[in-house]
Amino acid sequence: MSYKMGAFTMFRSMTRRSGLKAALTAAVAVAAVLSAAPAAQADTLANVKAAGVLKVATEMQFPPFDMIEGETYKGIDRELIDEVAKEMGVKAEYLDLPWTSVLPGLEAKKFDLVIAPVTITKERMARYAFTIPISEATAALMKRAGDASITKPEDINGKKVGGGKGTSQLAQIKEFAAAKGLKVEFKEYVDSNQSYAELAAGRVDASVNSLPNLSYAAAQRPDTFGVVLPPFGKPTYFSWVGRKGEEDASLVAAVNEALAKINKDGRMAAIHKKWLGATSELPTTVPEPSF
């Protein structure tokens, strides 16, 4: 009985030692794989170039920056990102999302870059990596054509103002109204086009957006809309957005390099002239936000 137990104990001990050795060998192998994985996945730019595709997202309901005509995606962002992709030696792949899903989708790594025009703010800069500006973005108001009751931004007192939910422009007009002691009823919409439709229908008295967006909308329908000048917002800019961190730093740098080249050789000015009817001087570095 003692001999049998001793033999069993010895066998079990050998089995344990054998299992431990196998486990250690497996652990070393797993560690080697894990240590090698980041080298293959830690650089977004390398992955983009290997795939030959730069995946970008925007809300295609924000003319003249992003819009769909028929079944074709058009606008300032489309033309700029195509030029950027060309400079990088890859092809742009576009994804259309609601504005409220764009930045969360970036953080979830559903795509590589946000090309929806995003206003640079202190809060956003702490969370995301901005490219150099692609356009001016000063906030302004649009009214119905011929509405003599609104001739300056302060005239929205006692009126209804519509804007895109979660946008910087809506936040700015709320801040402006509070600072001026104005009583304003704010209406929030999924996108700017809904706000414009409500304005045309008389359900709001003004719409808030960036000056380039409003100028374009008013130019398309001059019998319906008019821009309220001067703009009420502080001078701000639109940029594209990448993720912060070492993994995405090289991609943002490559996009900035391409944008700088496009700006310098006149391609950006030509795109702005086509869609906005004018050009403007833009910072060549990411500006420090004022709010």
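Between the Cα long axis of helix 2-41 and the first principal axis of the chain there is an angle of about 30°, rounded to the nearest 10.
Applying 1/(1 + (r/R0)^6) with r as the Cβ-Cβ distance of residue 265 and residue 193 and R0 = 22 angstrom yields a FRET efficiency of 0.10.
Pairs of Cα atoms in segment 56-116 fall into 5 Å distance bins, from 0 up to the last occupied one, in shares of 4, 20, 29, 24, 17, 5, 0 percent. Only the Cβ atoms of Lys and Arg (+1) and of Asp and Glu (-1) were treated as charged; on that basis the dipole of the chain about its Cα centre amounts to roughly 1300 debye. Quick one: angle between helix 76-88 and the longest Cα principal axis of the chain, in degrees between 0 and 90, rounded to 10, please. Approximately 40 degrees, to the nearest 10. Per residue, the average separation of C-alpha pairs within less than 8 Å and at least 6 apart gives segment 48-122 a relative contact order of 42 percent. With R₀ set to 35 Å, the beta-carbon distance separating residue 175 from residue 47 gives a calculated FRET efficiency near 0.30.
Of the Cα atoms belonging to segment 119-199, the radius of gyration and Dmax stand at 14.1, 42 Å. A simple count of charges around residue 107, restricted to other residues whose Cβ falls under 14 Å of its Cβ and scoring Lys, Arg +1 and Asp, Glu -1, yields +3. Taking only the C-alpha atoms of the chain, Rg followed by Dmax gives 26.9, 108 Å. Here the label points at residue 281 and residue 253, each 7 Å from Cα along the C-beta direction, are separated by 2.9 nm in the simple model. Other residues within the sphere of radius under 13 Å centred on the Cβ of residue 171, judged by their own Cβ, net out at +2 (K and R +1, D and E -1). Annotation: amide H of residue 61 has no partner in the under-5 Å range at sequence separation 5 or more or interchain, hydrogens built in the peptide plane. Relative to its residue count, segment 178-231 spans a Cα convex hull of 97 Å³ per residue. Count Lys and Arg as plus one, Asp and Glu as minus one, and take only other residues whose Cβ is under 10 Å from that of residue 290; the net charge is then +1.
The Rg/Rh ratio of segment 72-180, with Rg taken over Cα atoms and Rh as the Kirkwood radius over Cα pairs, comes to 1.04. Calculate, for residue 126 and residue 201, the FRET efficiency according to 1/(1 + (r/R0)^6) with r their C-beta to C-beta distance and R0 51 Å; round to the nearest 0.05. Computed FRET efficiency for residue 126 and residue 201 comes out at 0.85.
Here is how the number arises for the chain: DSSP H runs of 4 or more residues each give -39500 (n - 2.57), the sum is divided by the residue count, and the result at 222 nm is -15000 deg cm²/dmol.
Any read-out appearing in this document is the output of simple, stated calculations on the displayed coordinates, not a laboratory observation. These numbers come from a predicted model, not from an experiment. Please note: Cβ atoms are built from the backbone with ideal geometry, for glycine as well, and neighbour counts cover all protein chains shown.
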